[in-house]
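Participant: One structure, pasted below without further comment.
Values in this text are rule-based calculations from the coordinates and carry no lab data. From a predicted model like this one, the values you see are computed outputs, not experimental measurements. So basically every Cβ, Gly included, is an ideal-geometry build from the backbone, and we count neighbours across all protein chains shown.
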Amino acid sequence: MIGKPRSRRWSLGSALPMTPMIDVVFLLLIFFLVTSQQGAPEGKLAAGLELEGPEAAPSELQPQFVDVKLVDGSEVFIVGERRLMSERALRAVLGALPKEPGISIRGDDKVSVDAIARAMQAAADAGFVRRSYIAGGGPRG
Amino acid sequence: MRRARFQRARVQGFDLTPMIDVVLQIIIFFMFTSRFGELVRSEIDLPRQMGDDSAMAVEALVLDVTAEGGLLLEGVPVGIGQAADVARARIAVGEASGVRLRCDRAATGATLNRVARSLASAGVDRVSISTSQEGAP
């Protein structure tokens with residue numbers, strides 16, 4: 001028997017035991033299937049933060065404001081003298097404004113975050129790159 | 001008899017390679033797409049808006065704001081002052097460049113304003129508000 005190669009139980013090409021590997025692979029697959037989260041995709045509305053009042057940073061450009069307020073139980077967007085009820089109307093008004101000075105959105109304490117987000121979305125859709133949020137209303141601190 | 005031998009040969013020679021290929025592809029897909037970091041975030045009904053593509057793409061500290069006005073930092077309730085201190089510290093060491101607020105759409109502006117004032121006072125000048133693109137107009 002000297003010099004004769006020992007017969008191997010498993011030859012590489014034909015009968016490599018696949019069962020353990022398949023077990024592990026299926027366990028991994030089940031793990032990822034169970035743990036992966038298929039949540040709704042999230043978007044972001046970016047804004048600079050500004051302080052109102054004497055602490056505010058001086059600006060060379062005339063600021064443009066969108067006030068989000070509660071008037072007669074309804075959330076309204078106020079741009080200058082105009083009171084707008086819908087996001088579409090706000091977008092149309094903002095679309096006509098110059099974009100260089102940027103826009104500041106000032107949310108009142110009584111409105112919902114949803115209304116503030118709608119104003120920010122309208123500003124983004126209207127093409128304002130420089131957007132800032134100013135905490136409005138209510139006592140400080 | 002010939003037929004039985006033929007069937008046995010077919011069973012023995014069953015090729016597992018395509019199945020293993022597919023299963024491994026699926027595993028790799030899930031490895032890349034699963035987001036373990038978001039598992040610690042609380043369930044929040046975000047404002048339904050599309051958001052802005054040019055929004056903060058860099059690392060941001062995520063702060064959850066519940067409908068009742070509570071704040072959660074990585075799932076742990078925190079006070080406004082504490083959240084602002086953590087934000088200032090993380091920005092100072094370069095771990096974050098801003099704060100991402102995951103506000104419940106039913107939360108009041110009063111809560112958002114208190115958080116905004118606190119963050120601005122702490123020197124944080126960039127925030128973004130998370131939105132849910134599902135159901136956005």
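Participant: Report the gain in length on full extension from B:GLU43 to B:GLU134: 0.36 nm times residue separation, minus Cα-Cα distance, nm rounded to one decimal.
Facilitator: On the way: separation 91, 0.36 × 91 = 32.76 nm, distance 1.45 nm.
Taking B:GLU43 through B:GLU134 to full extension adds about 31.3 nm, to one decimal.
Participant: Return the average number of partner chain Cβ atoms within 10 angstrom of each residue Cβ along peptide A:103-112. Spell out each step's value before the answer.
Facilitator: Working: counts 0, 0, 0, 2, 6, 4, 7, 3, 5, 10.
That works out to 4 on average.
Participant: A further question on this structure: As an exercise, use a Förster radius of 41 Å and the Cβ-Cβ distance of B:ILE20 and A:GLU42 to find the FRET efficiency, rounded to the nearest 0.05. Write out the running numbers ahead of the final one.
Facilitator: On the way: r = 35 Å, r/R0 = 0.85.
Efficiency, from the Cβ-Cβ distance: 0.75.
Participant: Would you mind counting up the charge near B:ILE80? Only other residues with Cβ under 12 Å from its Cβ, with Lys and Arg at +1 and Asp and Glu at -1. Before the final figure, lay out each step's value.
Facilitator: Numbers: positive: B:ARG114, B:ARG117; negative: B:ASP85.
With Lys, Arg at +1 and Asp, Glu at -1, the neighbours total +1.
Participant: Let me know the mean shielding of A:117-128 by other chains, meaning the per-residue number of their Cβ atoms within 10 Å of its Cβ. It would help to have the intermediate numbers written out before the result.
Facilitator: Numbers: counts 12, 6, 0, 7, 10, 1, 1, 7, 3, 0, 0, 1.
Neighbouring Cβ atoms belonging to other protein chains average 4 per residue here.
Participant: So, one more: Grab the Cα-Cα distance for A:SER74 and A:VAL24, subtract it from 0.36 nm times how many residues apart they are, and report the gain in nm with one decimal.
Facilitator: Values: separation 50, 0.36 × 50 = 18.00 nm, distance 5.83 nm.
Length gained, A:SER74 through A:VAL24: 12.2 nm.
Participant: By average Cβ neighbour count within 10 Å, what is the ranking of B:26-32, B:128-134, A:76-82 from highest down?
Facilitator: Values: B:26-32: 13.0, B:128-134: 21.9, A:76-82: 15.3.
Descending mean neighbour count gives B:128-134, A:76-82, B:26-32.
Participant: Turning to a different aspect of this structure: Would you list, by chain and number, the aspartates and glutamates whose Cα falls below 16 Å from the Cα of A:LYS69, excluding same-chain residues fewer than 8 positions away?
Facilitator: Filter leaves A:GLU81, A:GLU87, A:ASP108, A:ASP109, A:ASP114.
Participant: Let me ask another. Cross-link partners among aspartates and glutamates for A:LYS99, C-alpha distance below 14 Å, same-chain residues fewer than 8 apart left out?
Facilitator: A:LYS99 reaches A:ASP125.
Participant: Here's something else I'd like to know. Let me confirm one metric for peptide B:18-24, namely the mean number of other chain beta-carbon atoms within 10 Å of its residues' beta-carbons.
Facilitator: Details: counts 0, 3, 4, 0, 0, 5, 3.
Mean partner-chain Cβ count within 10 Å for B:18-24: 2.
Participant: Sticking with this structure for a sec: How far apart, in nm, are two points set 7 Å out from the Cα along the Cα-to-Cβ line at A:LYS110 and at A:VAL129?
Facilitator: 3.8 nm
Participant: Highest mean first, what order results for B:78-87, B:113-122 on Cβ atoms within 10 Å?
Facilitator: Order by mean packing, descending: B:113-122, B:78-87.
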